[in-house]
């Protein structure tokens, strides 16, 4: 069923419209505010937003703008009163998909929704095909993967990277938050300027302000000469505040002032210094949770919570693991100047089925150990085969690993690999791949 986010602060209107759309065959989320819709709609959202234009708090026009910050191609249909039609026409010029005037016949709204859903489906399919068949750009080379979560992440990186907005990156340890941050810097207009990474959990408490803001001579015992802080060293570039949730509350207040005013004051000075930098913060925990616990300032949280990126754990993208591991093996072999090694299907299958609490970092460490022969080297025979044989081995390993990642279910395998069902069966026959032998518990073929 196709998904529709219906936003209206009038409970009776919301309930009756949702019921009618449900009968028309749509899966409807009936919401009372725009904030609820923003929490559900991401770049991979396969649906349509229908919103009343007049609501307390966040109105339909504001919601339209916020949604298009997330993904400018999410279809938004505005519901308007007669007097608001000129405003709705203006909204269409600004990117709204369509509008419908009150009072409306539900069948008319359903027709508009169906057109919008078809339009959205084509957009998402085009993105998927570009990700699978298109050229790998630098962003994809750094953050590879064909799963929807990785396609969405790269899409948001490109959209945010082109702007100068501060960003917040959320993700578990080892998932690639710093890689995402560095990518944001390198695809921005600041790419030729410094990228300064600051580990907020490792800053020495006694020198934390001096490290960040700098100091004048005589500001404290031992300060014999003036010194730039890390913020000033990054002028014109990007500052990465790694694990910002570990920053002491007192320093959070000073950081908030820097973010708002873009000036700093060195220790021992009263003269403000203009600061032209972009801030990117990372956190392995949800900052909203830290706010609720009193460990993080709420005003700083809202200041950072504008352009947000979520880097998924490996457990959320298992079908990417075989391909990612092969890339890490090649990179490791090149880094250590040793012959490339091939990964047999049995190894890739086991990797896809394992949990990876350390995420990409843990997977990379395994690739390093195997390439260096520190453990498990017998499972990676040296590569001496001709190109055609190596390509066939790679294709066989990739298909086997993807089958294992999906528990033997074949539909997500050929959809993930971007091939037809018939082509998958032909390749499985050619390489003698039996899904029942690849996974311990055969999945149902759907």
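Throughout, read-outs are computed from the coordinates displayed, never taken from laboratory work. Quantities reported herein were computed from a predicted structural model and do not represent experimental measurements. Please note: Cβ atoms are built from the backbone with ideal geometry, for glycine as well, and neighbour counts cover all protein chains shown.
Provide the FRET efficiency to the nearest 0.05 for the residue 24-residue 125 pair, computing r from the beta carbons and using R0 = 25 Å. Before the final figure, lay out each step's value.
Details: r = 23 Å, r/R0 = 0.94.
Using R0 = 25 Å, I get an efficiency of 0.60.
Ranking request for peptides 174-184, 50-60, 21-31: highest mean number of other beta-carbon atoms within 10 Å first, then the rest in descending order. Please report the intermediate quantities before stating the final value.
Details: 174-184: 22.0, 50-60: 19.6, 21-31: 16.4.
Final packing ranking: 174-184, 50-60, 21-31.
Under the Kirkwood approximation for Rh and a Cα-based Rg, what ratio Rg/Rh is obtained for the range 140-310? Could you put the intermediate results ahead of the total?
On the way: Rg = 16.5 Å, Rh = 16.7 Å.
Rounded to two decimals, Rg over Rh is 0.99.
Grab every C-alpha pair in the range 56-205, bin the distances at 10 angstrom width from 0 up to the longest one, and report whole percents.
The percentages, shortest bin first, are 9, 28, 28, 21, 11, 3, 0.
Please build a GNM for the chain, connecting alpha carbons under 10 Å apart, and tell me which residue among 353, 400, 39 fluctuates the most.
Greatest mean-square fluctuation among the candidates belongs to 39.
For residue 285 and residue 271 in one chain, what is 0.36 nm times their gap in residues minus the Cα-Cα distance, to one decimal in nm? The partial results should precede the final answer.
Values: separation 14, 0.36 × 14 = 5.04 nm, distance 3.61 nm.
Separation in residues times 0.36 nm, less the Cα-Cα distance, equals 1.4 nm.
Provide, for q = 0.06, 0.07, 0.13 Å⁻¹, the log10 of I(q)/I(0) from a solvent-free Debye sum over equal Cα point scatterers in the chain.
-0.35, -0.47, -1.22
State, as an integer percentage, the relative contact order of the chain based on alpha-carbon contacts under 8 Å between residues 6 or more apart.
Values: 716 pairs, mean separation 51.4, N = 446.
For the chain, the relative contact order is 12 percent.
Between residue 305 and residue 293, with labels modelled 7 Å along Cα→Cβ, what's the label distance in nm to one decimal, could you check?
1.6
If I stretch the segment between residue 202 and residue 33 completely, what's the gain in nm (0.36 nm per residue apart, minus their alpha carbon distance), one decimal?
Values: separation 169, 0.36 × 169 = 60.84 nm, distance 4.04 nm.
Between residue 202 and residue 33, full extension yields an extra 56.8 nm.
Need the C-alpha centroid separation for the range 1-62 versus the range 254-320, integer Å.
Centre-to-centre distance over Cα atoms comes out at 30 Å.
At 222 nm, what value in deg cm²/dmol follows for the chain if DSSP H runs of at least 4 each add -39500 (n - 2.57) and the sum is divided by all its residues, to the nearest 500? Walk me through the numbers on the way to the answer.
Working: 20 runs with 212 residues, N = 446.
The per-residue figure over the chain is -14000 deg cm²/dmol.
Which distance in nm do the two modelled labels at residue 165 and residue 108 give, with both placed 7 Å along the Cα-to-Cβ direction?
Each label point is offset 7 Å from its Cα along the Cβ direction, giving 3.4 nm.
Among the DSSP beta bridges whose two residues both lie in the chain, what percent are antiparallel, rounded to the nearest 5?
Details: 5 of 42 bridges.
Of all bridge pairs located within the chain, approximately 10 percent are antiparallel.
Treat each spin label as a single point 7 Å out from the Cα along the C-beta direction, and report the residue 220 to residue 249 distance in nm.
Each label point is offset 7 Å from its Cα along the Cβ direction, giving 2.1 nm.
Using R₀ = 25 Å, calculate the FRET efficiency as 1/(1 + (r/R₀)^6) where r is the Cβ-Cβ separation of residue 260 and residue 69; round to 0.05.
Details: r = 20 Å, r/R0 = 0.79.
Result of the calculation: an efficiency of 0.80.
Sort 323-329, 294-300, 273-279 by the packing proxy (mean of other Cβ within 10 Å over each peptide's residues), most packed first.
Details: 323-329: 20.4, 294-300: 16.1, 273-279: 17.7.
The packing order, highest mean first, is 323-329, 273-279, 294-300.
Quick check on packing: order 111-117, 414-420 by the mean number of other C-beta atoms within 10 Å, highest mean leading.
Values: 111-117: 18.1, 414-420: 16.0.
Sorting 111-117, 414-420 by mean packing, highest first, produces 111-117, 414-420.
Normalising by the residue count of the range 2-130, find the relative contact order in percent from Cα pairs under 8 Å and 6+ residues apart.
Numbers: 194 pairs, mean separation 30.0, N = 129.
Relative CO of the range 2-130 lands at 23 percent.
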